[in-house]
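A.B. asks: Input: one structure, supplied below.
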Amino acid sequence: MDMDVVALTQAMVRIPSLSGQEAGMARLMADTMRAAGFDEVRTDANGSVLGIVGPAGTDIALLFDGHMDVVPVTGNWRFDPFGGEIHDGRLYGRGSTDMKGGVAAAICGVAQAARQGLRQRVAVSASVLEEVIEGHALAPVLDVCQPGAVVICEPSKLQIRAGQKGRVEILLRFHGKPAHAANPHMGVNPLHAAARALTALESLPLPQDPVLGPALLVPTDIISNPYPSISMIPLSATLRFDRRTIVGESLDDVLGQIRHHLQRHGLDGFTLQVSEDSVSTFTGCHANPPRWLPAWRCEADSSLLRLTREAVRQTGREPIVGSWPFCTNGSESAGRRGIPTIGLGPGNEEDAHIIDESIAVEQLHGATAIYARMVRLMCGQD
């Protein structure tokens, strides 16, 4: 009997699983994969769950990737954010779109295809902490299973996403000389240099990609040290930038471009670094991963894109190809490792992280059917 993707999504939504608190979800995922007939189910040191099905000894041809964690609930909801209620054809709850529906569809679609027989193994990954840092928890999963191709199940309206911009979070710090605010001439105020830098970087030329569009540099924060700096010229001022990258840009390219541009505008006495915030898993693992997530793109003539188009077509839908503006675990699979990667998932990207987050029930069934066809085309007898 086929698994009920709607009931599974409801069960997942009813388990709150904020980043770092995914233990209950991990247990549900492991139990569900075993019940669905996956031959091998393992939970790694981070708490991510990997299920594998197919003939032993064969390569893992395809990995479906999703994450278990969700962002916090904010604002006033009409529906219980952890109720999984269905109203007018939509399933409501935090994580319904981003991205428990995608994980549920992957498990159900792979299990459905596997019951008809496979020539190669297929895997489903449900990872932790993706809302905190993309790709970090997927890396050890890829070390273990080494798939031939990856499907990122983030919401895409069941359209094909053939790439995404990358992201690097940059800290630009100017150093000053403290002095009493009543005697500013005795010090060096780093806020003045920070203000000049903001103006100068507005004219920084950025590259463009024919598929992903233009790279971006967006200031998101400025803070003094100490903070607040009351009656005192601060020791330093730090600007935080979100830099959206395109395919082919290295970290050295990005930092060097900013450094040289500031120097041409007469600015010096600064440092540039990539932020490295501490993260912790529910299993007790700790790390300080750099926020450098490369861009990636699936080439138009790739066999993965061709077979994904065919799978969508066979389920009665028009294969529409685009790209994501946000980061996903594809930064690890494709951006760092060069594994052929495609994106396709149920739900609207615009519904992620909002009040009354929801997903269309029809999209859950559609994703399940597409994933099953992808497995049949790439790993089955078709």
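A.B. asks: Specify whether the C-alpha gyration tensor of the chain places it in the rounded, prolate or oblate class, a ≥ b ≥ c being the square roots of the eigenvalues: rounded for a/c under 1.5, otherwise prolate if a/b is larger than b/c and oblate if not. If you can, show how the numbers build up before the last one.
C.D. replies: Numbers: a/c = 2.29, a/b = 1.86, b/c = 1.24.
Cα axes put the chain in the prolate bin.
A.B. asks: Right, another one. Through the Karplus equation 6.51 cos²θ - 1.76 cosθ + 1.60, θ set to phi - 60°, convert the phi angles of the stretch 261-272 into ³J(HN,Hα) values in whole Hz; use x for Gly and Pro.
C.D. replies: Here the 3J(HN,Hα) series is 5, 5, 5, 5, 9, x, 9, 8, x, 10, 10, 10 Hz.
A.B. asks: Then there's this: Name the residue from SER224, PRO55, ALA111 whose Cα lies farthest towards the positive end of the charge dipole of the chain, charges +1 on Cβ of Lys and Arg and -1 on Cβ of Asp and Glu.
C.D. replies: SER224
A.B. asks: So what are the ³J(HN,Hα) numbers for the stretch 217-226, from phi and the Karplus equation (6.51, -1.76, 1.60; θ = phi - 60°), rounded to whole Hz, Gly and Pro as x?
C.D. replies: 9, 10, x, 10, 6, 9, 8, 8, 10, x
A.B. asks: Next up: Can you tell me the accessible area per residue over the chain, all protein chains present, probe 1.4 angstrom, in square angstrom?
C.D. replies: 41 Å²
A.B. asks: Now a separate question. Taking the Cα centre of the stretch 166-280 as origin and charging only Cβ (+1 Lys, Arg; -1 Asp, Glu), how large is the dipole, in debye to the nearest 20? Write out the running numbers ahead of the final one.
C.D. replies: Working: 9 positive and 11 negative charges, 80 e Å.
Charge dipole of the stretch 166-280: 380 debye, to the nearest 20.
A.B. asks: Here is a follow-up. Can you find, among LEU364, GLY163, ILE15, the residue farthest towards the positive end of the dipole of the chain? Put +1 on the C-beta of Lys and Arg, -1 on that of Asp and Glu.
C.D. replies: Positive-most Cα among the choices belongs to GLY163.
A.B. asks: Can you give me the % of accessible surface on the chain that is carbon or sulfur? Probe 1.4 Å, all protein chains present, nothing else counted. Don't skip to the end; give the middle numbers.
C.D. replies: Numbers: 8030 of 15600 Å².
Here it works out to 51 percent.
A.B. asks: Obtain the nm distance between the two label points defined at ASP268 and GLU40 by a simple spin-label model: each point lies 7 Å from its Cα along the Cα-to-C-beta direction.
C.D. replies: Reported label-point gap for ASP268 and GLU40 is 5.7 nm.
A.B. asks: Might you report the magnitude of the Cβ-based charge dipole of the chain about its Cα centre, with Lys and Arg at +1 and Asp and Glu at -1, to the nearest 20 debye? Before the final figure, lay out the partial values.
C.D. replies: On the way: 33 positive and 42 negative charges, 101 e Å.
For the chain, the charge dipole is close to 480 debye.
The values are calculated or read from the model by the stated rules, or taken from the named source; none is laboratory data. The structure displayed is predicted, hence computed values, not measured ones. So basically every Cβ, Gly included, is an ideal-geometry build from the backbone, and we count neighbours across all protein chains shown. Heads up: the accessible areas ignore ligands, DNA and RNA and are worked out on the full protein's heavy atoms, side chains in. Shrake-Rupley method; radii C 1.70, N 1.55, O 1.52, S 1.80 Å.
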